[in-house]
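The values are calculated or read from the model by the stated rules, or taken from the named source; none is laboratory data. What you see is a predicted model; the values in this text were computed from it and never measured. Positions of Cβ are backbone-derived with ideal geometry, glycine not excepted, and every protein chain shown enters the neighbour counts. With ligands, DNA and RNA removed, areas are computed over all heavy atoms of the protein, side chains included. Shrake-Rupley method; radii C 1.70, N 1.55, O 1.52, S 1.80 Å.
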Amino acid sequence: ARRDWGWLSVNPIKDVRKPSEPDHREVLISLAQQRKMLRALGWSRGPVRSVSHAVANCFLAALQTGMRAGELCGLRWDDVRDDYCILHTGKTKTGKARNVPLTPTARRTLELMRGYDDDLVFGLKSQTLDAMFRKYRGKAGLSGFTFHDARHTAATRLAQRLHVLELCKLFGWTSTSRALTYFNASASDIAKRITGAAPTPQSH
């Protein structure tokens, strides 16, 4: 209206202040909540025969790798290697490709999905994953966390064992300040690390 059409001589929103950024979610999924979710979803180490079971394995993989829901739903068997998986350009939130390391436990979780879908590891659409997760969270009598909070939980757990640069590489962050957003160690845990004692497991 001002620059192209000349209807206004002054930009009326020039001095409008932008609202402050909302506080980052700091919700961690406890081990007790994790176990209740897996029971409600009917998780087992056997062959996957239901959508809820596939959702359970996807939830576990998120907790073990920190991958986002869309990244997990788009993961193909062709991109799974022995100790890492490949997320291609355009398939991540940032649009940049990255390789995600797989621990033996995470690799076993992926292998539980063999035979469920020939192409996609989890055989799920993002919308299905979100709807099923919320449905079974309610059945488990739980609330207050989302599927994405599994990524936050994974980052907090892995931050106990990885250097900050390794953590950024794993999660695809371009700034180390992102690691501080997800790192929720208490002052007591940091004190124990300084003195060489084992940190207390996260319980919140």
### Task
Kindly establish whether residue 20 is assigned to a loop (DSSP other than H, G, I, E, B) and open to solvent by 80 Å² or more (accessible area, probe 1.4 Å).
yes
### Task
Within the range 91-100, identify whether any single residue is in a helix (DSSP H, G or I), in contact (Cβ under 8 Å) with a residue 40 or more places away in the chain and either closer than 26 Å to residue 143 by Cα or of a type outside the set (Ser, Thr, Tyr) (or both), and answer yes or no.
no
### Query
Which condition number does residue 26 fail, the rest of (1) open to solvent by less than 100 Å² (accessible area, probe 1.4 Å); (2) assigned to a loop (DSSP other than H, G, I, E, B); (3) touching a residue at least 60 places away in the same chain (Cβ under 8 Å) being met?
(1)
### Query
With respect to residue 175, is the statement that it is in a helix (DSSP H, G or I) and more than 19 Å from residue 85 (Cβ to Cβ) true?
no
### Query
Based on what the data block shows, is residue 156 at pLDDT 75 or above, under 17 Å from the mean Cα position of the chain (by Cα), of a type outside the set (A, V, I, L, M, F, W, C) and part of a loop (DSSP other than H, G, I, E, B)?
no
### Query
Which residue pairs have Cβ atoms under 8 Å apart, sit 6 or more places apart or on different chains, and have a first residue in the range 73-84 that is more than 11 Å from residue 119 (Cβ to Cβ) and a second that is among the small types (Gly, Ala, Ser) and surrounded by 15 or more Cβ atoms within 10 Å (Cβ to Cβ)?
73/126
### Message
surrounded by 15 or more Cβ atoms within 10 Å (Cβ to Cβ) and either over 21 Å from residue 145 (Cβ atoms) or modelled with pLDDT of 95 or more (or both): which single residue out of 32, 54 fits that description?
### Response
54
